[in-house]
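What follows is a set of notes on a single structure, which appears directly below.
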Amino acid sequence: MNKAITYKSDALAAIHETVSDMLEAGVIDKKTMRHFDDSCLTPIHEFSAEEIRVLREREGVSQVVFAHYMNVRKESVSQWERGQKKPAGTTMKLLSLVARKGLSAIA
């Protein structure tokens, strides 16, 4: 299964693709590729319970609606906001995108 990659911009996506091809061809090493990954890919932020609640409220949606956009159950959003559980994997990436660009970025 391929992992969805989110870039900071379309230009950085094109540059990253070129550098990935250079890695495959042996022109650059893995260390250089990691540098490009860090500079091109959308950073993932670990959100606290309060940050998740504030983010959802900033977007003006209920827990049910927010859960729908995040593709999780309403109970998961509730548990995140109470600090009982933490989002992981792609959910953290989606939260990072929503924080940077708004809920419409993942709609």
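Among the residues of region 77-90, those that are crowded, with 18+ Cβ neighbours inside 10 Å and not acidic (Asp, Glu) comprise Val77, Trp80, Pro87. For the condition in a loop (DSSP other than H, G, I, E, B), surrounded by fewer than 16 Cβ atoms within 10 Å (Cβ to Cβ) and of a type in the set (A, V, I, L, M, F, W, C), Ala14 does not qualify. Among the residues of region 23-45, those identified as over 15 Å from the mean Cα position of the chain (by Cα) and not acidic (Asp, Glu) are Leu23, Ala25, Gly26, Val27, Ile28, Lys30, Lys31, Thr32, Met33, Arg34, His35, Phe36. Number of residues in region 46-61 that are exposed (fewer than 13 other Cβ atoms within 10 Å of the Cβ) and either within 17 Å of Gly102 (Cβ to Cβ) or aliphatic (A, V, I, L, M) (or both): the value is 3. Here the condition is being polar (S, T, N, Q) and within 17 Å of the chain's Cα centre (by Cα); of Ser48, Ser78, Ser20, Ser62, it holds for Ser48 alone.
Taking the criterion of being out of contact with any strand residue (DSSP E or B) (no Cβ under 6 Å at 6 or more places or on another chain), at pLDDT 85 or above and among the small types (Gly, Ala, Ser), would at least one residue in region 28-48 satisfy it? Looking for residues that are out of contact with any strand residue (DSSP E or B) (no Cβ under 6 Å at 6 or more places or on another chain), at pLDDT 85 or above and among the small types (Gly, Ala, Ser), one finds at least one in region 28-48, hence yes.
The values are calculated or read from the model by the stated rules, or taken from the named source; none is laboratory data. Everything numeric here is computed off the predicted structure, so don't read it as measured data. Cβ coordinates were reconstructed from backbone atoms using ideal geometry, including for glycine residues, and neighbour counts include every protein chain displayed.
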